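Engineer: Dropping a structure here in C-alpha cells format, bear with me for questions.
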Amino acid sequence: MTRPRVPRRVVVAVALATVGLCIVVFGAVAVRGAMLDRSDTASGPTGGLRRSDTSTSAATSAPDVNPTSTGVPTTSTSSSPSSSAPPSSSAPPSSSAPTAAPAPAPGGALAGVVIVVDPGHNGANGSHGSEINRQVDAGGFRKACNTTGTAGGDYSEARFNWETAQLLVAELRARGATVITTRDSNDGWGPCVDERGLTAARAHAALLISIHADGSSAGNHGFHVISPTRVSGYTKATVEPSRRLATHVRDALVGAGFSPSNYIGSGGLDQRGDLGTLNRAGVPAVIVECGNMRNAADLAQLRSPDAQSRLARAFADAAAVFVDAG
Ligand SMILES: [Zn+2]
C-alpha cells in the first residue's frame, strides 16, 4: 500500500495554519491574563495611599510577625497577588501555570476576589507581654502591637474570633474567593495591628474583615461595625468605601437576626481613627465587634456554633454585595 502523496504546498499551508492558531491561542491567553490583572486590583482603590507598602510584591512574607503564618489557613500568598490572576486557593501549584484558567470555584460570586480575614488578637498574647506591648505605627502614631482582647467567663475573645473566622474562611472559599488570614492558629501571639492591616495592603485585597467581640458593661449589648475615619496620609482613599462596606455588613447582620449595639455608634455603625488594622489596611476595611462578651445574652449567642455560622454567612454576603456594588 502506498499512501497518497500530499502535495508539499499543502503540508506547508497546514504547518503555517498550525503556527497561526498557536499564536491566536497564546494571544487570547495573554489578553485574558491582562484582564484578570486589572480586575484583581480594580477593587483596591488605594493605589497611591500606602506609605510603607513599597514592597507590594512581597506578599509571601506579609504576616511574618506571626511565626506560624505560613500554615494552613493562610492561602495563596505563594504567588504574588499583584501579578497574575490569583490561583484557586486550594489548588495544587500546577494550577498557577499561565495557560490554566483561574479555576472559578463553585458559586463563583467571589471567584478570584482576594479577601483578608483577620481574627482579632491571638490566644497566647497574654503570655507574650513584651512582644505585645511593642509600639508600632498604627497610622501616624504609636500604639501597642496588640492586646489580649476581652473574655466572657472562660471563653476568650481570641477564641471566638478564631472560631468565627474559620467559618468565614470556609464560606468565602466556597464562593470562590482567595482568602488570606492574618494568623493561622489560636495558640500563638500577634501579629501586630499594623501587620494585620498591611497584609491586606500588600495583597491588594478587595477588602479586609476583622472579627472581634467587645468587653463592655453588662447592660450593653449588640454588635457594631467600625470603619476608619480620615487619618492624614493613611485612609483618605479608604474612608468612603470602608463605610459602604460597614453598611453592607450591618445590613447583613440585621438580616441574619443580630441586633445593633445599644451603646456605641448609631444603627450598628461606628467610625474610629485610632485602629491600626484599619489605618494600615490601604483597602476597604472594617472591624466587627460582634457583641459584648460581658453581657450574658450576647455571650451565649457568641458561643453558639449556630450564631457563629450565621455571622460568617452574613459577612460573606456583605462581601459579595460590596464586591458587586461597591
Ligand atoms: Zn478585640
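The values are calculated or read from the model by the stated rules, or taken from the named source; none is laboratory data. Keep in mind the model is a prediction, meaning the values are calculated, not measured. Glycine also receives a Cβ, built like all others from the backbone with ideal geometry; neighbour counts cover every protein chain displayed. These accessible areas exclude ligands, DNA and RNA; they are computed on the full protein's heavy atoms, side chains included. Shrake-Rupley method; radii C 1.70, N 1.55, O 1.52, S 1.80 Å.
Engineer: Working only within the range 267-292, note down all residues that are closer than 22 Å to residue 182 by Cα, acidic (Asp, Glu) and open to solvent by 30 Å² or more (accessible area, probe 1.4 Å).
Structural biologist: 274
Engineer: Another question, if that's okay. Scanning for something buried (at least 18 other Cβ atoms within 10 Å of the Cβ), among the basic types (Lys, Arg) and part of a helix (DSSP H, G or I), does the range 308-315 turn up at least one residue?
Structural biologist: Residues of the range 308-315 buried (at least 18 other Cβ atoms within 10 Å of the Cβ): 308, 310-312, 314-315.
Then keep just the ones that are among the basic types (Lys, Arg); that gives 310.
From what is left, the residues that are part of a helix (DSSP H, G or I) are 310.
Yes, the conditions are met somewhere in the range 308-315.
Engineer: Moving on to the next point. Mind listing whichever residues of the range 135-182 are within 13 Å of the ligand (Cβ to nearest atom) and basic (Lys, Arg)?
Structural biologist: 159 - this is the single residue of the range 135-182 that is within 13 Å of the ligand (Cβ to nearest atom) and basic (Lys, Arg).
Engineer: Please tell me if residue 244 is open to solvent by 40 Å² or more (accessible area, probe 1.4 Å) and within 16 Å of the ligand (Cβ to nearest atom). Before you say what the answer is, go through the steps one by one.
Structural biologist: Values: open to solvent by 40 Å² or more (accessible area, probe 1.4 Å): yes; within 16 Å of the ligand (Cβ to nearest atom): no.
Criteria not met by residue 244.
Engineer: When the residues of the range 214-234 are filtered to those that are surrounded by 16 or more Cβ atoms within 10 Å (Cβ to Cβ), hydrophobic (A, V, I, L, M, F, W, C) and more than 13 Å from the ligand (Cβ to nearest atom), which remaining residue is nearest to the chain's Cα centre (by Cα)? Reasoning before the result, please.
Structural biologist: Within the range 214-234, the first condition is being surrounded by 16 or more Cβ atoms within 10 Å (Cβ to Cβ), and the residues that meet it are 214-216, 220-229, 231, 234.
Now drop any that are not hydrophobic (A, V, I, L, M, F, W, C), which leaves 223, 225-226, 231.
Filter once more, so that each one left must be more than 13 Å from the ligand (Cβ to nearest atom): 225, 231.
Numbers: 225: 16, 231: 21 Å.
Within the range 214-234, the match that is nearest to the chain's Cα centre (by Cα) is 225.
Engineer: Within the range 170-194, count every residue that is within 13 Å of the chain's Cα centre (by Cα) and crowded, with 24+ Cβ neighbours inside 10 Å.
Structural biologist: 8
Engineer: List every residue pair whose Cβ atoms lie under 9 Å apart, where the two residues are 6 or more positions apart in sequence or sit on different chains, the first residue falls within the range 203-222 and is within 29 Å of residue 241 (Cβ to Cβ), and the second residue, located anywhere, is basic (Lys, Arg) and within 12 Å of the ligand (Cβ to nearest atom).
Structural biologist: 208/196; 210/196
Engineer: Only one residue in 302, 269, 275, 311 is farther than 23 Å from residue 173 by Cα, modelled with pLDDT of 95 or more and either within 16 Å of the ligand (Cβ to nearest atom) or of a type in the set (Asp, Glu) (or both). Which one? Break it down into steps so the answer makes sense when it comes.
Structural biologist: On the way: 302 fails: farther than 23 Å from residue 173 by Cα; 269 fails: either within 16 Å of the ligand (Cβ to nearest atom) or of a type in the set (Asp, Glu) (or both); 311 fails: farther than 23 Å from residue 173 by Cα.
From the options 302, 269, 275, 311, the qualifying one is 275.
Engineer: Search the range 155-169 for residues that are open to solvent by less than 10 Å² (accessible area, probe 1.4 Å) and pair each with any residue that is among the hydroxyl-bearing types (Ser, Thr, Tyr) and modelled with pLDDT of 95 or more when their beta-carbon atoms are under 6 Å apart and the residues are at least 6 apart or on different chains.
Structural biologist: 157/150
Engineer: Looking at 211, 264 in this structure, which one is open to solvent by 30 Å² or more (accessible area, probe 1.4 Å) and within 16 Å of the ligand (Cβ to nearest atom)?
Structural biologist: Values: 211 fails: open to solvent by 30 Å² or more (accessible area, probe 1.4 Å).
Every option except 264 fails the conditions.
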